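Report on one structure; see the data block that follows.
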Amino acid sequence: MKFKYKNLLVPAVMTALYGCGGGTDNDITVIENNIAPVLDTSALLIDGMSSAADYADGSINYMTSTYDNADGNMEWEFRFKESADKFPNPDTSNSEDVDFFEIDLLTGITDADNGSSLQVKDVRFVWEGPDCSSTIAIAPEYPEICEPILNELGLIDADGEIVNTTSVQEQDIRELQNLAATNEVIYGFQLKQTQLVVTPSEFAPILVNGQYSLLHIIYKVTDGKTTLDRRLKVVIDGEDAAPAFYQRFINSDEIVLHPDTGEPLLQPEPSREISEKSAPIRIDIAAGIYDQDIVDIEELKDEVGDLTNIYRAQDYTAERLEIIGITAPEGTPEGVFNNAKSTIKWSEEQGVVEYNVEIDPSPYADLLERGDSVNLEFTFQVSDGTNFVDRSFFVDILGADIVNPPEFKEAVLEQTMSTSAFTTSFDLKAGAIDLDGDNMQVVDFVAADGSAGYGVDLSNPNIVKVDPYGFLDLAPGEEQVLSYAYKLTDGALTSEERTLNITLTGGTHNLMHSDMPEANGFESGTLDGTSWTGGDGALSVAAEAAYSGEYGLNNSADGTFMFLGEDGINQGKIEEGDEYYINFFAKQTNAWGSSRVTFNQNGDQSSVFQVEESPNNGTSNWMEHTLTYVNADEFFQPDSTFGLSFRLGVGTYDDFSLVKFQYKRELELIPDGLFSTGTSGGWQVSGDATLAVTEEANQVQNTEDLQYGLEVSGGANGGTLYLDSSQLVQGGVKTGMRYIVKLALRNPTYVNNPDTPSADPSALLIRIVDEETGNWVRKAGFAEPIETAFNEYYYHLNTVSTGTDWNGSPYASDVNFDWTNAKVRLEINIPANQTFQIDNILMFPVPQ
């Protein structure tokens, strides 16, 4: 079509601004101007951001291109997806991404006249055509454009007149004509000096799939004598998420994510099995309903307020979810389903929240015999006003006799679970039914050997609840089966025996190289092709450097930096507030050297947000180094990415890991480590030590409530604070597992004498001990050399760590010792002539 133009209202200052500094007329030096401005078209494209195929498949979310239009004029085009919200900061001194993109209208234009100033002027819109959906005011004025569209939709009558159109038909016209939703400097478009600023995300509330907003301008660039005509087209492509159904945690709106992939777990279509004798049941067919666009809009409203104050009524319509067209299968007897009996819960923000349909099986009472069944599939649609999603729910109705025992289709119920999964409840009545509609209960329940105890909750007689943290001794891929035999009764009749088998499989918890768990570091035998970089020639992979497996890492120079890139870490798993630790093994010969660990923000090694030091003593033995982080930095968001830098001394290294963990109160091994009742919680002392419960030993001071802690003082020979096997929860310590002992401690007797400022800090040793054999696992360190403040300590006790602590003492007396039936106690050393005030002692398992 022929292009038409109209003047674009721009800031008055635009026509007086210059590309080389700008300023007033008094600031401009008069020079000879003989050479016209020149455009270098190659400068209009951005490296890596010009592939239409990459844009279409989502590999990039914005792109640039140049092409000649129908009139032979070159168009410079930008396309943005509405979700594009991370762009390089135009302020190069700031590495933080921004949500806008600045298009410099002078891009690629130079002037050989040294000192000449370039000016933008005469900015105009390109008119893209009439809106033919306005069938009364506009379409009759542009018959050559609108009549073919209206004819195709059957909206012109036999007399050649446009028929009266409905709002749905007018929407069809707009879709067929494919006009831009907006084509003005509005919402996410802003003219700023000699730039066009584009914020694609500001169009999200008004665009859906297939829609776009457009700004198409023509402008001139002049050096005061000659001009260049320029054309710029900016398109924002709408994106729209269809309604979906996701699983939620019980009594929560939080979506359940797959523990390995991080993707939302889909909510299965509702399915019920009932007897012809059952009372009417209700099924919430909206359970799990979700729409990402609605969630995004609500978050935006929290930030900016009422969107109707920002967006015009003709552009913005709030999405609402609804369920429509519930259809029973053909032949369903009358009375089984009546939508008039459905109850609907609605919210202003989302639309439908619950949709409970009622199914009455009684019409089948005279149609089915015991052993017969009818399988009903009810269909419906879920709509957000733009998208329509097909969905079903299923009801199986079973025939029954006059009296019926509980029954089930599967005599052996097989379930699976990974140790990286969430705590899971297994219903012993799953798949079972009582055709009389009687309540069923579990009887004659027997747990096989190893299927009860730590990590398994059997307090509910009808449920087996398994916490995977109780089985973290399983190596990746290793399996253990929990097995339970039982029967079901309705009070009068009892079923045949049934078995529930739960196969637990060890998961991979290391977020480094999680896609290659068998490598977990250097098992490829080389750094080439891995995510590890750096070293400046000082790093090499060698068999003699292995702590475990076949290969480890040698470093031949102090101060060597080694980097683990973003692609070597399973991103998006750690979020703000989470707890995690970094672990590795090292042999370093330099006394009291250190390894430094640095987090690199979004892969930028110059932008760090956490640094930790792990000290070493000179030793020829392996040492385990653990850095524990609690309450993860606000940087950690689902879309944040990070790498790691390690500054290493001369030595040997292996088995680097990054592991997320959580404290689970139900698996706590110390029944009372808070001392809130003013008693010792079963703690005792041995050797030359005394124990008291005092208010001064509580971590939190100056509160109205009386709070307590333990105050333990060592005599001339020192002693031990311990919790014996009669007090410590038994069965929780297993070979192959790691535990954290967390405590708050103050050392009020530590004195850093000004005359001897290098006074040694107090040794702090924690260990678990088998009271019968004397086998132990330990970790040693030092109390902070501060006498006034409580500090929190996280001691990692790893039952299978080989090597030694800083003082040459091994971590374990026997790494092959079987802790399964051990009588375990927990011990904390009390140094000679020192007092420890201790509070909030916890001991719990964590992955490794």
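The values are calculated or read from the model by the stated rules, or taken from the named source; none is laboratory data. All of these numbers come straight from a predicted model, not from anything done at the bench. Cβ: placed from backbone, ideal geometry, glycine included. Neighbour counts: every protein chain shown. Areas reflect the complete protein model, heavy atoms only, side chains present, ligands, DNA and RNA absent. Shrake-Rupley method; radii C 1.70, N 1.55, O 1.52, S 1.80 Å.
Does at least one position in segment 99-113 carry a residue that is over 30 Å from Ala36 (Cα atoms), assigned to a loop (DSSP other than H, G, I, E, B), open to solvent by 50 Å² or more (accessible area, probe 1.4 Å) and modelled with pLDDT of 90 or more? Taking every residue of segment 99-113 in turn, at least one turns out to be over 30 Å from Ala36 (Cα atoms), assigned to a loop (DSSP other than H, G, I, E, B), open to solvent by 50 Å² or more (accessible area, probe 1.4 Å) and modelled with pLDDT of 90 or more. Scanning segment 390-426 for residues that are outside any loop (DSSP other than H, G, I, E, B), open to solvent by less than 60 Å² (accessible area, probe 1.4 Å) and out of contact with any Ser or Thr (no Cβ under 8 Å at 6 or more places or on another chain) yields a count of 2.
The selection criterion, being touching a residue at least 12 places away in the same chain (Cβ under 8 Å) and surrounded by fewer than 13 Cβ atoms within 10 Å (Cβ to Cβ), holds for Thr343.
Evaluated against (1) in a loop (DSSP other than H, G, I, E, B); (2) open to solvent by 20 Å² or more (accessible area, probe 1.4 Å), Val685 falls short on exactly one condition, (1).
So which residues in segment 250-299 are over 30 Å from Tyr364 (Cα atoms), open to solvent by 70 Å² or more (accessible area, probe 1.4 Å) and assigned to a loop (DSSP other than H, G, I, E, B)? Result: Ile250, Asn251, Asp253, Glu254, Asp260, Thr261, Glu263.
Counting only residues that are farther than 28 Å from Asp390 by Cβ, among the hydroxyl-bearing types (Ser, Thr, Tyr) and exposed (fewer than 14 other Cβ atoms within 10 Å of the Cβ), how many does segment 300-318 have? Selection size over segment 300-318: 1. Taking the criterion of being touching a strand residue (DSSP E or B) at 6+ places or on another chain (Cβ under 7 Å), open to solvent by 40 Å² or more (accessible area, probe 1.4 Å) and closer than 24 Å to Gly732 by Cα, the residues of segment 789-836 that qualify are Glu792, Tyr794, Pro810, Ser813, Lys823, Arg825.
Annotation for segment 146-157: no member residue is surrounded by fewer than 16 Cβ atoms within 10 Å (Cβ to Cβ) and either modelled with pLDDT under 90 or touching a Gly at 6+ places or on another chain (Cβ under 9 Å) (or both). Residue by residue through segment 487-511, note down the ones that are farther than 25 Å from Gly470 by Cα and in a loop (DSSP other than H, G, I, E, B). Within segment 487-511, Asp490, Gly491, Ala492, Leu493, Ser495, Glu496, Glu497 meet the criteria. Checking the structure you have, find out if any residue of segment 98-111 is closer than 26 Å to Met49 by Cα and free of Cβ contacts under 8 Å to residues at least 40 places away in the same chain. Within segment 98-111 (the criterion being closer than 26 Å to Met49 by Cα and free of Cβ contacts under 8 Å to residues at least 40 places away in the same chain), the answer is yes, since at least one residue qualifies. Picking from residues in segment 29-54 that are of a type in the set (Asp, Glu) and outside any helix (DSSP H, G or I), the one that is modelled with the lowest pLDDT is Glu32. When you scan segment 631-646, do you find a residue that is at pLDDT below 85, open to solvent by less than 40 Å² (accessible area, probe 1.4 Å) and within 18 Å of Ala545 (Cα to Cα), even just one? No - not one qualifying residue is present in segment 631-646. Does Val481 satisfy the criteria of being outside any loop (DSSP other than H, G, I, E, B) and surrounded by fewer than 16 Cβ atoms within 10 Å (Cβ to Cβ)? Spelling it out, Val481 is indeed outside any loop (DSSP other than H, G, I, E, B) and surrounded by fewer than 16 Cβ atoms within 10 Å (Cβ to Cβ). For segment 837-844, indicate whether the set of residues that are surrounded by 19 or more Cβ atoms within 10 Å (Cβ to Cβ), within 24 Å of Asn510 (Cβ to Cβ), out of contact with any Phe, Trp or Tyr (no Cβ under 6 Å at 6 or more places or on another chain) and among the polar types (S, T, N, Q) is non-empty. Within segment 837-844, not a single residue is surrounded by 19 or more Cβ atoms within 10 Å (Cβ to Cβ), within 24 Å of Asn510 (Cβ to Cβ), out of contact with any Phe, Trp or Tyr (no Cβ under 6 Å at 6 or more places or on another chain) and among the polar types (S, T, N, Q). Screening Ala545 with (1) surrounded by 18 or more Cβ atoms within 10 Å (Cβ to Cβ); (2) over 30 Å from Tyr469 (Cβ atoms); (3) modelled with pLDDT under 90; (4) not acidic (Asp, Glu) gives one miss only, at (3).
Name the residue that is nearest to Ser383 (Cα to Cα), counting only residues in segment 319-340 that are of a type in the set (S, T, N, Q) and open to solvent by 40 Å² or more (accessible area, probe 1.4 Å). Once the filter is applied, the top-ranked residue is Thr327.
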